[in-house]
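Q: Take this structure first; my questions come after.
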Amino acid sequence: MKISKDEVKYVAGLARISFDEDEIDKLQSELSAVLEYADALNKVDTEGVAPTEHILPIKNVFRKDEAKESLPLEEVFKNAPDTEAGGFKVPKVIE
Amino acid sequence: MDYDIVIGMEIHAELATKSKIFCSCSTEFGAEENTHACPVCLGLPGVLPVINEKVVEYAARAGLALNCEIANFSKMDRKNYFYPDLPKAYQTSQFDLPICTGGTVEIDVDGETKPIGITRIHIEEDAGKLLHESADGTLVDTNRCGVPLIEIVTEPDITSAEEAKIFAEKIRNTLEYTGVSDCKMEEGSIRFDVNLSVKPKGSDTLGTRTEMKNLNSFRALERAIQYEARRQITELKKGHPIIQETRKWDDTKGVSSSLRSKEEAHDYRYFPEPDLVPIVLTDEQIQKFRDELPELPEQKRARYIKEYNLPEYDAGVLTSSKDTARFFEETVALIDKPKAVSNWLMVEIPPHLKEAEITINELPFEPKDLAELIAMIEDGTISGKIAKKVLTEMFKGEKAPKAIVEEKGWAQMSDASELEGIIEKIVEENPKSVADIASGNEKAYGFLTGQVMKATKGQANPKLANEIIRKKVKEKIG
């Protein structure tokens, strides 16, 4: 296996997703398969090949610095589960 | 045992653009909550961010002003973490290919020049603001989400609170001069993070560091560093280890406290931002930005010393703010008395600004009015003392100094015959002073001059008054 159970749990934790043990077993083999597949790239001779910094062969797409209208407040809050006093309301955050 | 303090800083500065970094929402400060928001900065699915060209230009200009290398190729990355002030759950930033690297800033500490290394400057977006005013939750204001920032990262070259403050002021000035940021401390448009550790004097091994984030004034920066260095040294002397952690500075109480342990290191899983394409700057473009850089504070300071013959101190004070320097130059262009203009700007005007709680940009008068005031002192129309009263009037309203002097009847008494009468009377009334002078006590002249000034409400031309006093006393002594 390319990835340990603990690593699966760690990655799941970073993504704030919880899994039971069966799911973790399944994910371990699936993620390992993905990583093994990607390993094929290591077999390619990349001597003298520039690293791919970005997947698209495009550069310098810019916007002019112009301020335009923003969304009306009711649109902004359309998907918000809760709001109060003009703010998105979330569970209490303790600094 | 003595300890060395080792400090590295991260400075976040808001760029002076009109619109946000990846969308057209306004960056204006102080709007109603969530009124500067759109699908892009709210992080809604399916949107396509496009970078603001001014952000790239400003970041490159800041880098050039801080003597950095500007990258021909740089790109944006996603820094992943969950926090309610970040709707996308990642901050768009730059990871391995920042726009600027390897700069230096020279600071003056106790008359010595010290270089502070700049590791890198990268472009990133600001997060939103959390408001803790709800009883049973936290409120999120997304107006600041996507406001463009540069983050300036230094080498651990700073060794005291004083150096950190001087360095931070220099960065603020430079960014203000180059016009890339308005650096309004009170609006949080420039914030300082401090990484600090201590080590036995002369040791090569760095100690464990702590981090303090978002210090938003020079005073807070200085005090937080003093406190933290003292705290770490005290802990070490007691034999306690320093815990690597983020600490929160409480500026009101003057203490810092542990915020969260850094032992569980953040794992940001940076990866290239697929929605934003690389930024490629040619050598010609970089050269053009370099050519367009305005005169920077230290260049201006050197010029003031050379061109205006000003003392180094004056030149330093006048160039410490772009606006003061502008006012000075515009005034000197009208009246060729640099030292006098400098004195008014350094000594007389600041207390009025402080009292009225305004900046030099909000002065109720213009350089031509200050020039007119100084011209009146030069030609003897008013004394320096009266000029200060005129300045107070100038702060009250829109009248020009000449009009104020006329209206108040403050012009100096330069009519010799009128003064002679007054002085003759004073000399008559003060035989003791005359006797003192006769016995060689020249100081008594000072007393007589004072009496003349009192009698004329300070309006006697001092030079003329002095001449007449001496003449009258001599006549008396015979």
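The values are calculated or read from the model by the stated rules, or taken from the named source; none is laboratory data. Worth saying up front: this structure is predicted, and the values here are computed from it rather than measured. Positions of Cβ are generated from backbone atoms using ideal geometry, with glycine treated the same way; all protein chains shown enter the neighbour counts.
Q: From the set of residues in the stretch B:453-478 that are in a helix (DSSP H, G or I) and among the aliphatic types (A, V, I, L, M), which is modelled with the lowest pLDDT?
A: Result: B:477.
Q: From the set of residues in the stretch B:223-260 that are surrounded by fewer than 14 Cβ atoms within 10 Å (Cβ to Cβ) and of a type in the set (Val, Ile, Thr), which is nearest to the chain's Cα centre (by Cα)?
A: Filtering first and then ranking leaves B:252.
Q: Of the residues B:340, B:411, only one is small (Gly, Ala, Ser) and either in a helix (DSSP H, G or I) or within 27 Å of the chain's Cα centre (by Cα) (or both); which?
A: Details: B:411 fails: either in a helix (DSSP H, G or I) or within 27 Å of the chain's Cα centre (by Cα) (or both).
One residue alone meets the criteria, B:340.
Q: Right, something else. Please work out which one of (1) of a type outside the set (D, E, K, R); (2) part of a strand (DSSP E or B); (3) surrounded by fewer than 21 Cβ atoms within 10 Å (Cβ to Cβ) is the condition residue B:220 fails and give its number.
A: (2)
Q: Pairs under 7 Å by beta carbon, first residue at the interface with chain B (Cβ under 7 Å from one of its Cβ atoms) in the stretch A:52-70, partner of a type in the set (Lys, Arg) and not in a loop (DSSP other than H, G, I, E, B), six or more apart or different chains?
A: Listed pairs, sorted by first residue: A:65/B:54.
Q: Conditions first: (1) under 26 Å from residue B:59 (Cα atoms); (2) outside any loop (DSSP other than H, G, I, E, B); (3) not aliphatic (A, V, I, L, M). Residue B:182 passes all but one, so which condition is the exception?
A: (2)
Q: If you take the residues in the stretch A:45-95 that are loosely packed, with under 13 Cβ neighbours inside 10 Å and hydroxyl-bearing (Ser, Thr, Tyr), which one is nearest to residue B:40 (Cα to Cα)?
A: The selected residue is A:52.
Q: Is at least one residue of the stretch A:34-44 aromatic (Phe, Trp, Tyr), part of a helix (DSSP H, G or I) and more than 10 Å from chain B (Cβ to nearest Cβ)?
A: So far as the stretch A:34-44 goes, yes, one or more of its residues are aromatic (Phe, Trp, Tyr), part of a helix (DSSP H, G or I) and more than 10 Å from chain B (Cβ to nearest Cβ).
Q: When you scan the stretch B:120-129, how many residues do you find that are surrounded by 18 or more Cβ atoms within 10 Å (Cβ to Cβ) and part of a strand (DSSP E or B)?
A: Number of matching residues: 6.
Q: Of the conditions (1) more than 14 Å from chain B (Cβ to nearest Cβ); (2) under 30 Å from residue B:130 (Cα atoms), residue A:85 fails just one. Which one is it?
A: With respect to (1) more than 14 Å from chain B (Cβ to nearest Cβ); (2) under 30 Å from residue B:130 (Cα atoms), residue A:85 is out only on (1).
Q: Taking residue B:301, is it within 30 Å of residue B:199 (Cα to Cα), in a helix (DSSP H, G or I) and not aliphatic (A, V, I, L, M)?
A: So residue B:301 fails the test.
Q: Name every residue in the stretch B:125-159 that is touching a residue at least 40 places away in the same chain (Cβ under 8 Å) and among the charged types (D, E, K, R), in order of residue number.
A: B:125, B:126, B:129, B:141, B:151, B:155, B:157
Q: Being in a loop (DSSP other than H, G, I, E, B) and crowded, with 18+ Cβ neighbours inside 10 Å, is that true of even one residue in the stretch B:367-381?
A: So in the stretch B:367-381, the residues in a loop (DSSP other than H, G, I, E, B) come out as B:379-381.
Within this subset, residues satisfying the condition of being crowded, with 18+ Cβ neighbours inside 10 Å are B:381.
Yes, that holds for at least one residue.
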